[in-house]
Structures are given as C-alpha cells and as structure tokens.
Amino acid sequence: MPILDMTVMILVMAGVTYLIRMIPFAFFRKKIKSDYLNSFLYYIPYAVLSAMTFPYIFYSTENFYTALIGTVIAIVASVCKRSLLTVAILACLSVLIFGFII
Amino acid sequence: MQGKNLSFKNGIKDGLPIGLGYLSVAFAFGVQASIAGLPFFMSVFISMTNLTSAGQLAGLTVIATLGTILEMILTQLVINARYFLMSITLSQKLDGSFTLGHRLLCSAFVTDEIFAVAVAKPNTLNRVYFYGLVILPYVGWTTGTLLGALAGDILPLFITNSLGIALYAMFIAIIIPPSITNRGVLPAVLFGAGLSCALYYIPFFAGISTGLSVIISAILSAGITAFIFPIKGGNKNADT
C-alpha cells in the first residue's frame, strides 16, 4: 500500500478509535441499563482476542509446526498464570529452539 | 468522605508498571508491523495515534491485506467497543477539574490497564493525577513500538519469525486466566476461536476477509455468550 493511502487508513483507524473513547468520556452522564448490552460489552474483548488469535497464531512463524508448539507452550504457561511477558518469551523461545530441531 | 487528593506523582507511580508492560507488548506489535512490511515510522505513527493492542493488530491486518476504509471502520468499531463502556464508567468518576477540553484530550488515553487502575481509585479522579497516570504508558507504548519495528527490520529472519508469535502469545495470556475463573469468559473464548477457525478453514467462506471474519466471530460469540451467561447488575466491567 502506498504511504499516502496507508496514512489515510491509519488516520481513519485512529479517528474511529478516538471517537469510541471520547464520546462517552466527554458527554455521557448515564450508565447503560441493559444487562444484555453490558454483558455483550464485557465479553467482546475476550471474543475479539480469541478470534484474532485462532487460527492466525498457527501461521505467525512461517512454519506451522513450530507455531503449534509455541501455541501449546503459551497455553500451558497461561494456565500456570505466568505474566504476559513470560508467556511471550517462552512461546518465542520454544519456536526458536524447535525451529533448530526440525 | 473526601480522601487524600491524588497528585501528579501518584499518577506517575501508578503508571510506571503499566508503561513497562506496554514496552513489551508494543515491541511485539512493532515486530508484527515490520513483518507486515510497514516502514518503522508508520508503525510508530499507528501507536502514537491509537494506543490499543488488539485494535492496532486488526488495523495492521486490514492494511497488510489491502482492505477497504469501510472494513477498517467496522473492525475498529467492534474491536474497540469495550472502550465505550470503560469511558462511560470513568466519565462518572471525573471531578470538576475535567473541563471539556481536558475530557477531549484525556479520553484518547483510555486503555484496558489505565481504566483498571483509574476505576479502582475509591474517590473521584482529578486531571492532574490522570495526566500523570497516562504519561509513562504512552511513552512505553510508542518507544516499544519503535524498538520492535527496528528490531524486526534488522534482526535475521529466523529470529523475527520466532518473534512473530509474541503478540498472539500475549493475547493467550490475557484470555486464559479469566477463562478459568469466570464461567462466561470460557464460552466467549471458545466460540470466538471456533467461529474464526470455521470461517478460515471452510472453503465456502473463503471470500471473507480476515478483518471481517474477526468481526463476525467476535459479535456472534459475545452475542451468544451474553444471552446464555448474562451479567446481572451491569457494573462488572471488563478489567483486562
């Protein structure tokens, strides 16, 4: 994508993101009453992150099998409640090491 | 009762751990952007103007796959919808020092972690504390992106390939712990992943772009989960 088009895309992205944050922050005084809408907004980040991660994580390292190992390691480390950074480092290291083995 | 007034220094102190955390997440984003072929200054430009990990990765995908402006708008609306809820909640905690101008500026810095810290303060928030709180996260986010983008451009391929999994691994680290403790989060995560994989692998859906696929999967997943496991009272805000 040419730099100019890319700049336009990024500005659109930034504008939408800003408006979502700004409109309620600057102008709202009332709470959302609907339980359904509140529940939806509560679950949406988890749904988004998992939909963004799977299946794309499997193709994040240029090798399906190293990515698969990295994914399993990341899941195990997360179940063990390791921090974000630890999980990321363990996943990267396992991809790196397994990449040498296969 | 009026508690102690939160100072700029209190804000800086609370913002420091967030800033350090953002350094690593933004580094992972910078590497991703480099792999996607963005020049490093564009990656930093994205981080300076957006300040959101999932939204930026989704936006990056739209750019890398030559998506349309409409696709970009829809993607950001869905993925960043949670900020709407957080901003509503925070807006009720702001004291009189937040005049309209300051509200317009401060709202740009509402992120998951900044929200979590700010909303946990027992009393009202003043703008001096809020500015202190957001500075280091902002610096960490932009600096981390710059370092990651440069690293992605410079490091040998076998290392950048292994770094490519970092951001996704962090997303896993965000969604798994609450999946274990909260009965509604697990189905939201499983539906989201399952639908996304179905749209990706079933040949019939091959025409659907990545951005659109994430939107459809996330809306259906959160919509179904909210129906099956509604949260009563509506004051349990997302805190991740």
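Taken together, the values in this text are just the output of simple stated rules run on the coordinates, not laboratory data. Keep in mind the model is a prediction, meaning the values are calculated, not measured. Backbone-built Cβ (ideal geometry, glycine too); neighbour counts: all protein chains shown.
Taking every residue in B:208-219 and counting other chain Cβ atoms within 10 Å of its Cβ, the average works out to 3. Using Cβ point charges alone (K and R +1, D and E -1), the dipole size of the protein assembly as shown about the Cα centre works out to roughly 1320 debye.
Kindly give Rg over Rh for chain A, based on alpha-carbon atoms, with the Kirkwood expression for the hydrodynamic radius.
For chain A, the value is 1.13.
Between helix B:127-154 and chain B there is an angle of about 30 degrees, using the helix long axis and the longest principal axis of the Cα atoms.
Pairs spanning more than 19 Å between alpha-carbon atoms, out of B:Lys93/B:Lys232; A:Lys33/B:Lys232; A:Lys31/B:Lys232: B:Lys93/B:Lys232. With q set to 0.07, 0.09, 0.15 Å⁻¹, the log10 of I(q)/I(0) for the protein assembly as shown, from the Debye formula over equal scatterers at the Cα positions, is -0.27, -0.46, -1.33.
What is the magnitude of the charge dipole of chain B about its Cα centre, with +1 placed on the Cβ of each Lys and Arg, -1 on the Cβ of each Asp and Glu, and no other charges, expressed in debye to the nearest 20? Walk me through the numbers on the way to the answer.
Values: 11 positive and 7 negative charges, 149 e Å.
Taking the Cα centre of chain B as origin, the dipole is about 720 debye.
Note the angle between two axes, namely the Cα long axis of helix A:35-53 and the longest principal axis of the Cα atoms of chain A, as a number of degrees from 0 to 90, rounded to the nearest 10. That helix lies at roughly 30 degrees to the long axis. Protection proxy ranking of B:30-37, B:51-58, by the mean of other Cβ atoms within 10 Å over each peptide's residues and highest first, is B:51-58, B:30-37. Packing-based ranking of A:53-63, B:95-105 yields A:53-63, B:95-105, ordered from highest to lowest mean Cβ neighbour count within 10 Å. The value of relative contact order for chain A, using C-alpha pairs under 8 Å at least six residues apart, is 18 percent. A straight Cα-to-Cα reach below 18 Å connects B:Lys9 with the lysines B:Lys121, residues fewer than 8 places away in its own chain not being considered. Using equal-weight Cα scatterers in the Debye expression, the normalised intensity of the range B:8-175 in log10 at q = 0.08, 0.17 Å⁻¹ is -0.25, -1.04.
Quick one: angle between helix B:210-228 and the longest Cα principal axis of chain B, in degrees between 0 and 90, rounded to 10, please. Helix B:210-228 and the main axis of chain B meet at about 60 degrees. As a size descriptor, the averaged projected area of the C-alpha convex hull of the range B:42-97 was calculated at 4.9 nm². Put in order of Cβ neighbour count within 10 Å, fewest first, the listed residues B:Leu195, B:Leu90, B:Leu20 become B:Leu20, B:Leu195, B:Leu90.
Per residue of B:47-60, other chain Cβ atoms within 10 Å of the residue Cβ number 4 on average. Across peptide A:64-74, the average count of Cβ atoms from other chains found within 10 Å of a residue's Cβ is 3.
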